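These notes are about the structure you will find just below.
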Amino acid sequence: MRMLSWIVGCCMLTAVGMANAATQVLFETNQGNFTVEVYADKAPKTVENFLQYVKDGFYTNTIFHRVIGRFMIQGGGFDRELNEKPTRAPVVNESNNGLLNATGTIAMARTPDPNSATAQFFVNVADNQFLDYTSPEPDRIGYCVFGKVVSGMDVVFKISNLPTGNQRGFSDVPIRTVVIRRASIINGK
């Protein structure tokens with residue numbers, strides 16, 4: 001009887017652990033792989049939007065088109081020829097969630113319109129406090145952090161240090177194209 005209770009207890013702990021496992025997304029790039037963990041409890045609409053793009057295969061063969069050392073790497077919106085991919089409607093800015101644009105965090109890229117984020121994201125390679133939420137005013141609302149890199153930060157740093165130049169009206173484009181071969185959910189929902 002004790003053995004049965006122990007087995008049932010272990011199974012329940014495993015089930016609870018799996019239910020509480022944070023969702024992680026694996027980015028496979030031509031420079032190596034990295035994994036991000038997303039925080040649906042802090043930025044539910046942003047995470048739902050991002051994960052839908054992942055599930056749809058949207059990020060496959062997109063590139064990191066904006067790379068600035070000691071700042072961030074940005075991608076998820078353009079193909080290898082720098083053609084913008086069509087996106088769904090923008091998601092509301094959830095930057096007032098207590099998360100900071102610290103080294104290794106992932107956040108939504110956007111235009112000056114605070115509620116213009118669609119599919120593009122960036123990974124901070126420095127602590128970028130000037131991107132954090134400070135007030136609800138449009139020029140101080142910040143950029144919504146919705147997760148962090150949990151493995152492969154060396155790959156992110158490698159990408160951030162690549163030589164860049166100008167291409168087709170874009171600046172800070174890596175001279176050697178950095179391709180997201182695939183993004184996939186590796187655990188969670």
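General remarks:
- Any hit, region 92-106, residues being within 27 Å of residue 168 (Cβ to Cβ) and in a loop (DSSP other than H, G, I, E, B): no
- Filter result for residue 181 (in contact with an Asp or Glu (Cβ under 6 Å, 6 or more places away or on another chain), at pLDDT 95 or above and either in a strand (DSSP E or B) or surrounded by fewer than 16 Cβ atoms within 10 Å (Cβ to Cβ) (or both)): yes
- Exactly one residue among 142, 98, 76 is closer than 18 Å to residue 183 by Cα and either hydroxyl-bearing (Ser, Thr, Tyr) or at pLDDT 95 or above (or both), and that residue is 76.
A quick yes/no check of all residues on (1) within 24 Å of residue 153 (Cα to Cα); (2) surrounded by 15 or more Cβ atoms within 10 Å (Cβ to Cβ); (3) among the hydrophobic types (A, V, I, L, M, F, W, C):
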site: 94; (1), (2), (3): no, yes, no
site: 97; (1), (2), (3): yes, yes, no
site: 100; (1), (2), (3): yes, yes, yes
site: 105; (1), (2), (3): yes, yes, no
site: 111; (1), (2), (3): no, no, no
site: 114; (1), (2), (3): no, yes, no
site: 129; (1), (2), (3): yes, no, no
site: 135; (1), (2), (3): no, no, no
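- Any hit, region 36-43, residues being among the hydrophobic types (A, V, I, L, M, F, W, C), under 17 Å from residue 159 (Cα atoms), out of contact with any Leu (no Cβ under 8 Å at 6 or more places or on another chain) and modelled with pLDDT of 95 or more: yes
- Verdict on residue 28 being closer than 19 Å to residue 145 by Cα, outside any helix (DSSP H, G or I) and in contact with a Lys or Arg (Cβ under 7 Å, 6 or more places away or on another chain): no
- Screening the candidates 105, 87 for the property of being touching a residue at least 40 places away in the same chain (Cβ under 8 Å) and among the hydroxyl-bearing types (Ser, Thr, Tyr) yields one hit, 105.
- Subset of region 43-59 (residues that are assigned to a loop (DSSP other than H, G, I, E, B), of a type outside the set (Gly, Ala, Ser) and surrounded by 14 or more Cβ atoms within 10 Å (Cβ to Cβ)): 58, 59
- Selection of first residues in region 148-170 that are over 20 Å from residue 187 (Cβ atoms) and of second residues that are in a strand (DSSP E or B) and basic (Lys, Arg), restricted to Cβ pairs under 8 Å at least 6 apart or on distinct chains, gives the following pairs, ordered by first then second residue: 170/66.
- Matching residues in region 75-102 - criterion: being touching a Gly at 6+ places or on another chain (Cβ under 9 Å), more than 18 Å from residue 113 (Cβ to Cβ) and charged (D, E, K, R): 85
The values are calculated or read from the model by the stated rules, or taken from the named source; none is laboratory data. A quick note: this is a predicted structure, and the numbers were derived from the prediction, not measured. Here the Cβ is made from the backbone with ideal geometry for all residues, glycine too, and neighbour counts use every protein chain on show.
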